[in-house]
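To keep things clear, I will list the structure first and then write my remarks on it.
The values are calculated or read from the model by the stated rules, or taken from the named source; none is laboratory data. Keep in mind that this is a model prediction, so the values were computed, not measured. Note that each Cβ is placed from the backbone with ideal geometry, even for glycine, and that neighbours are counted across all protein chains shown.
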Amino acid sequence: MGTPGERAARAHPLARAAGADDPFAVLGLPRRWSLDLTALERRWKELSRQVHPDRHARGTPSERRLAVERAVAVNEAYRTLRDPVRRAEVLVRLLGVDPAGAQDPDLLEEAIEFGESIAASVSDAEARARLATLLERRRDEATRMLGEALDAGDGPAAGRALGRLRTYMRLLEDFAAHRHASGARS
């Protein structure tokens with residue numbers, strides 16, 4: 001039975017049994033979008049010490065191989081969970097949605113318009129500043145929407161929000177590269 005909070009946690013779509021490709025399970029952490037990165041690092045270091053191949057140097061060949069595999073899994077799980085986009089991809093996948101397939105149809109047109117604005121803002125510092133602020137706001141809004149969708153267990157909405165987040169992050173990277181290549185400063 002359990003408390004109402006425990007029952008609700010079990011009923012949430014992300015409370016399903018752990019699979020082999022679940023970095024949360026590898027590190028023994030709850031499946032959540034919001035993670036305490038300090039606690040994540042602490043858990044990674046703790047597990048890394050436990051499974052380090054040097055600790056199993058006197059074991060059988062299969063024990064040594066298993067230790068290496070476990071160390072690789074722990075390190076990959078840590079790299080995945082500390083990156084918010086990769087963490088979101090895992091959570092979206094765990095909700096049964098292909099993170100690469102859930103796209104917002106209006107996003108392509110918007111991305112093209114932003115790309116044109118990036119190219120047009122080369123010689124206008126004020127326009128570059130406005131564009132950077134707008135892109136950062138859109139990225140932050142996509143991040144908020146992603147967190148809300150993941151917290152609600154809404155895989156399709158989380159997938160669309162993740163697509164938006166990736167797009168705005170890519171546009172911000174393109175913007176920075178374009179500024180750097182043109183020698184623009186703002």
Just checking, does the range 66-75 include any residue being of a type outside the set (S, T, N, Q) and more than 18 Å from Leu27 (Cα to Cα)? no
Residues that are at pLDDT 90 or above and closer than 25 Å to Val68 by Cα: list the helices (runs of 4 or more DSSP H) wholly contained in the range 1-57 that include at least 1 such residues. 23-27, 37-51
Limited to the range 110-153, what total is found for residues that are part of a helix (DSSP H, G or I) and under 19 Å from the mean Cα position of the chain (by Cα)? 18
Glu89: passes all of (1) assigned to a loop (DSSP other than H, G, I, E, B); (2) surrounded by 15 or more Cβ atoms within 10 Å (Cβ to Cβ); (3) modelled with pLDDT of 90 or more but (1)
Take Arg166 and tell me if it is over 13 Å from the mean Cα position of the chain (by Cα), modelled with pLDDT of 90 or more, buried (at least 18 other Cβ atoms within 10 Å of the Cβ) and basic (Lys, Arg). no
Answer yes or no: is there a residue in the range 75-83 that is over 24 Å from Met169 (Cα atoms) and assigned to a helix (DSSP H, G or I). yes
